[in-house]
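Have a look at the structure below, then the notes.
The values are calculated or read from the model by the stated rules, or taken from the named source; none is laboratory data. A quick note: this is a predicted structure, and the numbers were derived from the prediction, not measured. Here the Cβ positions follow ideal geometry from the backbone for every residue, glycine too, while neighbour counts run over all protein chains shown. Accessible surface areas use protein heavy atoms only, side chains included; no ligands, DNA or RNA. Shrake-Rupley method; radii C 1.70, N 1.55, O 1.52, S 1.80 Å.
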Amino acid sequence: MAAWPFPTVTRRLVVLGAAATAALGGVLRPTEAWAAVRASAVRLGRHEEFTRFVLDVSQAVDFSLFTLTDPNRVVIDLPEVEWSFGEENLPPAKGVVSSLRWGLFQPGQSRVVLDLVRPANVKQAFLLPPNGQVGWRFVLDLQETSLTQFLAAAGPEKRIGSLKSAPEPTPPKVQEASLRPAPQAPSKEVERAQKVIVIDPGHGGVDPGAIGASGVYEKNITLAAAREFRDILQKSGKFKVVLTRDRDIFLPLRDRFEVARRHQADLFISLHADSIKNPSVRGLSVYTLSEKASDSEAAALADKENKADIIAGIDLSHESVEVTNILIDLAQRETMNLSSRIAEHLIDELKRDVKLLPRSHRFAGFAVLKAPDVPSILIEMGYLSNAEEERLLRQASYRAKLGKALERTLDGFFSRTQKAYRP
């Protein structure tokens, strides 16, 4: 395919990190200036000696970028951007780029990740000003290189450019949505403390998760379900609910279960909706932590979900296999048993209303379930690759059915638990 007709840019025009147009006005909300930054289109062009990535933006912006290995990818950091294009507008793979994803990485900072089919280094990166026909453009040229050279240039410490709104290092801040205060117990004889439930909408921001049959993103389904489950549980007056995220933002896996530990949660619930090659497969399942997966499908799913940090362009080179094994080893047996009992009760409630997978209670080493002191379950609400199940998961009425089953489960389970320990 012919190269994109971009003008030749001399070294004098190369801009590495243009001056910021505004400073962040708060931790969780960008200023109006940042909010005004819009990305309207994205393009890939294959030239003779390099692959060109172009992002149309509404104004000059700071940017910085670096490369990472295992898998090989390029990470581009920008101020918080309003994305006005969707998955249907993505260009096909070209040159050294196989795929790309984008989204909010942390408050005030957006991220684009380019997956590479072959090692490539940055040839040049710059901003092109408006020319009367098109507006501002961020341009990145990638040139194929040897693996040795790619490895030598990789790592966030070898970042090109600067992003003044998010200096290094800045760990992503977990945004939590805490709910209304606990109401007074209706009975004066028996005071019932609210149980703390942390709900984790899977994926988010630069990590879209699975993509459904109609193009819906898993991250949007899980967020909608989490908000609805929260409202249902709160309405009962028996639960205090915290969401790990209440907006479309990326959170590292470890930060998700740390929210539960910080709030001394009685239960951590992670919500997901998978997608597989076989479009005929459908059904809900509930996972709890185990050192050994219940089957090869469970193992593959856990492996895929545990790579969320890699997808988002986080450097995990400092994490060793030993650390992961220690986390699993530290998981207390009592916590795992309690998680399993809750999962079984939930399945009993759900089987009356929704279709379940065979062997609905499954076991796998999901990273988000590895808090040693918080009972944790992961609900795979269904398969977005199945057209009928995707249609259901997009309906608020169907998600409410799941939420009400969850409320019945937790109400009954914690009531029985309290009675067992009541003197």
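Would you pick out the residues in segment 122-151 that are out of contact with any Ser or Thr (no Cβ under 9 Å at 6 or more places or on another chain) and aromatic (Phe, Trp, Tyr)?
Across segment 122-151, the qualifying residues are 126, 138.
State yes or no: is residue 131 open to solvent by 10 Å² or more (accessible area, probe 1.4 Å) and either of a type in the set (Gly, Ala, Ser) or part of a strand (DSSP E or B) (or both)?
Values: open to solvent by 10 Å² or more (accessible area, probe 1.4 Å): yes; either of a type in the set (Gly, Ala, Ser) or part of a strand (DSSP E or B) (or both): no.
Taking the combined requirement at face value, the residue does not satisfy it.
Can you tell me which residues in segment 341-357 are assigned to a loop (DSSP other than H, G, I, E, B) and among the aliphatic types (A, V, I, L, M)?
354
Cβ-Cβ below 7 Å, separation at least six or inter-chain, first residue in segment 128-150 and under 15 Å from residue 49 (Cα atoms), second open to solvent by less than 10 Å² (accessible area, probe 1.4 Å) and among the hydroxyl-bearing types (Ser, Thr, Tyr): which pairs?
Once the first residue is under 15 Å from residue 49 (Cα atoms) and sits in segment 128-150, its partners that are open to solvent by less than 10 Å² (accessible area, probe 1.4 Å) and among the hydroxyl-bearing types (Ser, Thr, Tyr) give 142/51.
Cβ contacts < 6 Å: first residue open to solvent by 40 Å² or more (accessible area, probe 1.4 Å), restricted to segment 71-86; second residue of a type in the set (Gly, Ala, Ser), any location; separation 6+ or different chain. Result?
Short answer, once both residue conditions are applied: 83/39; 84/40.
From (1) open to solvent by 10 Å² or more (accessible area, probe 1.4 Å); (2) under 26 Å from the mean Cα position of the chain (by Cα), pick out the condition that doesn't hold for residue 122.
Single failed check for residue 122: (2).
Per-residue answers, yes or no, for (1) modelled with pLDDT of 90 or more; (2) more than 13 Å from residue 287 (Cα to Cα); (3) touching a Lys or Arg at 6+ places or on another chain (Cβ under 8 Å):
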residue: 333; (1), (2), (3): no, yes, no
residue: 339; (1), (2), (3): yes, no, no
residue: 349; (1), (2), (3): yes, yes, yes
residue: 353; (1), (2), (3): no, yes, yes
residue: 361; (1), (2), (3): yes, no, no
residue: 377; (1), (2), (3): yes, no, no
residue: 394; (1), (2), (3): yes, yes, no
residue: 412; (1), (2), (3): yes, yes, no
residue: 421; (1), (2), (3): no, yes, no
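Considering only residues of segment 266-295 that are open to solvent by less than 10 Å² (accessible area, probe 1.4 Å) and of a type in the set (A, V, I, L, M, F, W, C), which is farthest from residue 411 (Cα to Cα)?
Checked segment 266-295; the qualifying residue farthest from residue 411 (Cα to Cα) is 273.
Output the residues belonging to segment 151-165 that are open to solvent by less than 40 Å² (accessible area, probe 1.4 Å) and either outside any helix (DSSP H, G or I) or without any contact (Cβ under 8 Å) to a residue 40 or more places away in the chain (or both).
Residues satisfying the conditions are 154, 155, 161, 163, 165.
Applying the selection to segment 104-119, what residues are out of contact with any strand residue (DSSP E or B) (no Cβ under 8 Å at 6 or more places or on another chain) and either open to solvent by less than 10 Å² (accessible area, probe 1.4 Å) or part of a strand (DSSP E or B) (or both)?
106
For the condition more than 24 Å from the chain's Cα centre (by Cα), surrounded by 22 or more Cβ atoms within 10 Å (Cβ to Cβ) and within 20 Å of residue 222 (Cα to Cα), what is the one hit in 393, 369, 402, 346? Can you show your working first?
Working: 393 fails: more than 24 Å from the chain's Cα centre (by Cα); 369 fails: more than 24 Å from the chain's Cα centre (by Cα); 402 fails: more than 24 Å from the chain's Cα centre (by Cα).
Matching residue, one of 393, 369, 402, 346: 346.
In segment 372-390, what residues are under 21 Å from residue 260 (Cα atoms) and surrounded by fewer than 20 Cβ atoms within 10 Å (Cβ to Cβ)?
Once the filter is applied, which keeps residues that are under 21 Å from residue 260 (Cα atoms) and surrounded by fewer than 20 Cβ atoms within 10 Å (Cβ to Cβ), segment 372-390 yields 372, 373.
Please specify each residue of segment 220-265 satisfying the condition of being in a strand (DSSP E or B) and open to solvent by 10 Å² or more (accessible area, probe 1.4 Å).
Pass one, segment 220-265, residues in a strand (DSSP E or B): 239-243.
Across segment 220-265, the qualifying residue is only 240.
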